[in-house]
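Written out below as structure tokens is the structure these notes cover.
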Amino acid sequence: MAIVKMFKFNLFALQSSKKALLDKFQKLEEVQFLDFNLHKAEESEFLKADDSSLEINGINDKISDVNFALKLLNEHSPEEKGLKAMKEGKKSLTYENLEKSYLKLKHEEYIKVLKELDRELNLLGNEENKLLGEIEALAPWSNLDIGLDEIKNLNACIVEIGTIPLKNMESFKKALEESEKEFYLEEISADKDGCKVLVSGLKQNKEILDEIFISNSFSKVNIKFSKKPSDEVSSHKKRIKEIRSERIKAIEEIKKYSTHKEDLRLAYEFLSAELRKLQCYSNFSKSDNVVIMNGWVTEDGKEKFEKGIKDVCGEYYYIELNEAQDEENIPIKLKGNGFTEAFHSITEMYSLPNYKEVDPTPVLSFFYIIFFGMMLSDAGYGALMVIGTGIVIAKFNLDKKTKNFMKLFLYLGISTIIWGLVYGAFFGDILTAQYLGSETGLLSYFSNPLLDSQKQVTEILIISIVFGIIHVYIGLFMKAYLLFREGKYFDILCDVCTWYAAVTGLILWLAGFSPTIGMILSIAGLGGLLLTQGRDAESIGGKIGGGVYGLYGITGYIGDIVSYSRLMALGLATGSISMAFNSIVALVGNTGLNFALKLVLILLLFVPLHLFNFGINALGTYVHTSRLQYLEFFNKFYEGGGNKFKPLEAEKKYYEISEK
């Protein structure tokens, strides 16, 4: 429920301790390094940037091999997906067990064999594609009853095969017939590309034949077939059959290695963890014997951080460790409880707070739940959310991020149920006497709810605006708290109290609750804004202009408060669409069909229509609830712009890895 305190460190240690220190820091997962080498190298000539490019290249090659093997195995032996795989989730592993397991692996042997099998598959695939291409090229010549070898063996004659455009075929025949020399023409086949022909004649008449070819756009075919085309095709098909059989055998061999996927995943996790440590080297400065690291460590990890250094280095190190003060780019890590952690993603989606601010998540979470439930406002839809997320949380092995996401929608579902009961909505008005024909017992409540969203629109609008005023006022209070923490007491008077007076006074005045007090408060507040909002300007004109501009800001506050009317509008939309869908379903119920058919049709309509309404309104509610936080609430006090804390840790792609 707060921003975690950060401590900045400068650590001097022996080069021989570097790897062991990084092992400790990675297991701790509470240390982030800064790029320290550049400015330090400028100050001291004996220092130089650390470098691990050769080791990084080596690790990257190994990771590439592992990824290749996993991709090949998944291609020919796909992973089991669906609910069972989701339910099992990621297995847990400690850093220590990860390293021990890696040292026992024989994954490099598997990768070597898989590479050879993949090479074999590629060669077979290339050969098959080549043969298929040749079969396609030979198809138009299948009626030709001679092979190229026989043509080559003719001593006195020349034989040419090729294509003549269809439009030139008649002129080509005529040219051959009218020639002084005798030529033989055989039409093999014809298609849109032209007529396939074989032409032969005596070799001494080659020049005459070439002239006829040129004048009729003859295209010589360069395909090679030593035997008759039909025999070549048969031979190719036989070889393709053999290739496919060989491919099946190679694929079966590959599948045998699918039992080693876990080994390959372990190898990936270990190698990627090693890579992350090596990549940290570029952040360090070093001399011949000393390495210099600097960065951030969290308050939670500070004690273990110092102990880890002492365990590795003994007495041979020097460290400066100070709590972060006014430095720029202090990394931000949010700390919450089991409830507020689910809403950290909402805050992060806008922007993390900077180090001087407070974490707005606790306040955001409270209003987010209320607003979401009020806008979706159907107990049936809320029940779907609670049941669905509850089952996933209870039965599935989820990582922390996914679990928090599920918990978020569990809480929102509970709120939706509560507001649905307030409005008397359960899949619209399905539980009212209109459809059930009874108002006895609990069902009588749904016909006469605490708030009827169709009849008490004004009351719901007023509640929405009241929620908006409270939300905005808390935003101003949080601004006052931040100013108080910085000792800016006069700014609290000028930038918070004046707005409280102006907005409260206008509400009392315009709403008619207490016009006299409201008028006095609003005049005092607006006057205060006019006099103080330009106080930072140097010139008189600037001060006046700033005051006038600040005074104009009252329109923004009015707009912000009115914006909360969407709490009413979206709630009405959900209910109205639900009731409209129920009316459509009721039309089927009033037909003369037999009961069984009628029930099937009702379900076929009721389920998809309400799922659609639930999905589209839940999405709209999520967006508009976030908008109220980001625009109407955050702009009263929140700057944001914080950089997320990114500690040295394992990648955790396939396993949940931790120190314990």
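The values are calculated or read from the model by the stated rules, or taken from the named source; none is laboratory data. All figures in this text were calculated on a predicted structure; none of them were measured in a lab. Note that each Cβ is placed from the backbone with ideal geometry, even for glycine, and that neighbours are counted across all protein chains shown.
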**Report entry** Among residues of region 263-296, those that are under 18 Å from ALA13 (Cα atoms) and in contact with an Asp or Glu (Cβ under 6 Å, 6 or more places away or on another chain), counted
**Finding:** 5
Report task. Scan region 268-285 residue by residue and report those that are among the polar types (S, T, N, Q), over 9 Å from ALA650 (Cα atoms) and either assigned to a helix (DSSP H, G or I) or modelled with pLDDT of 90 or more (or both). Result -> GLN279, SER282, ASN283
Query - Matching residues, region 286-332, being of a type in the set (Phe, Trp, Tyr), part of a strand (DSSP E or B) and surrounded by 15 or more Cβ atoms within 10 Å (Cβ to Cβ) - result: TRP296, TYR317
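Condition check ((1) in contact with a helix residue (DSSP H, G or I) (Cβ under 6 Å, 6 or more places away or on another chain); (2) under 27 Å from GLU656 (Cα atoms)) across all residues:
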position: PRO353; (1), (2): no, no
position: ASP399; (1), (2): no, yes
position: ASN404; (1), (2): yes, yes
position: SER415; (1), (2): yes, no
position: PHE427; (1), (2): yes, no
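Please pick out the residue among GLY505, GLY534 that is buried (at least 18 other Cβ atoms within 10 Å of the Cβ) and either of a type in the set (S, T, N, Q) or not in a helix (DSSP H, G or I) (or both).
Criteria check complete, one pass: GLY534.
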Query raised in the report: Among LYS598, LYS653, which is the only one that is more than 23 Å from the chain's Cα centre (by Cα) and more than 30 Å from LEU529 (Cα to Cα)?
Result: LYS598
Query raised in the report: Somewhere in region 383-395, is a residue in a loop (DSSP other than H, G, I, E, B), closer than 30 Å to PHE634 by Cα, in contact (Cβ under 8 Å) with a residue 12 or more places away in the chain and not small (Gly, Ala, Ser)?
Result: no
Query raised in the report: Taking the stated definitions as given, is LYS130 charged (D, E, K, R), part of a loop (DSSP other than H, G, I, E, B) and either under 58 Å from the mean Cα position of the chain (by Cα) or modelled with pLDDT of 90 or more (or both)?
Result: no
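With crowded, with 20+ Cβ neighbours inside 10 Å and at negative phi as the only criterion, which of ALA586, ALA618 stands out? Don't jump to the end; show me each part of the working.
Values: ALA586 fails: crowded, with 20+ Cβ neighbours inside 10 Å.
From the options ALA586, ALA618, the qualifying one is ALA618.
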Report summary line: Residue pairs qualifying under the 6 Å Cβ cut-off, at least six apart or on distinct chains, with the first in region 262-289 being in the same structural domain as LEU21 (by TED's automatic domain parsing) and the second being at pLDDT 90 or above and in a helix (DSSP H, G or I), are ASN289/GLN15
Query raised in the report: Any idea which residue in region 317-342 is farthest from GLY640 (Cα to Cα), counting only those that are modelled with pLDDT of 90 or more and over 33 Å from the mean Cα position of the chain (by Cα)?
Result: TYR317
Report task. Evaluate the following for ILE370: is it closer than 20 Å to GLU632 by Cβ and surrounded by fewer than 20 Cβ atoms within 10 Å (Cβ to Cβ)? Result -> yes
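Can you confirm whether region 98-120 contains a residue that is of a type in the set (S, T, N, Q) and touching a Leu at 6+ places or on another chain (Cβ under 7 Å)?
Within region 98-120 (the criterion being of a type in the set (S, T, N, Q) and touching a Leu at 6+ places or on another chain (Cβ under 7 Å)), the answer is yes, since at least one residue qualifies.
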**Report entry** Selected residue (only one of ILE135, ILE63, ILE146 is farther than 21 Å from ALA267 by Cα, assigned to a helix (DSSP H, G or I) and not polar (S, T, N, Q))
**Finding:** ILE135
Query - Considering residues of region 197-235 that are crowded, with 19+ Cβ neighbours inside 10 Å and under 56 Å from the mean Cα position of the chain (by Cα) only, the residue nearest to CYS157 (Cα to Cα) - result: PHE225
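Among the residues of region 610-625, is there at least one that is touching a Lys or Arg at 6+ places or on another chain (Cβ under 6 Å) and either modelled with pLDDT under 80 or of a type outside the set (Gly, Ala, Ser) (or both)?
So far as region 610-625 goes, yes, one or more of its residues are touching a Lys or Arg at 6+ places or on another chain (Cβ under 6 Å) and either modelled with pLDDT under 80 or of a type outside the set (Gly, Ala, Ser) (or both).
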Report summary line: When CYS157 is run through (1) touching a Lys or Arg at 6+ places or on another chain (Cβ under 9 Å); (2) surrounded by 13 or more Cβ atoms within 10 Å (Cβ to Cβ), the failure sits at (2)
Report task. Just name the residue that is modelled with the highest pLDDT out of those in region 343-366 that are surrounded by 19 or more Cβ atoms within 10 Å (Cβ to Cβ) and among the aromatic types (Phe, Trp, Tyr). Result -> PHE343
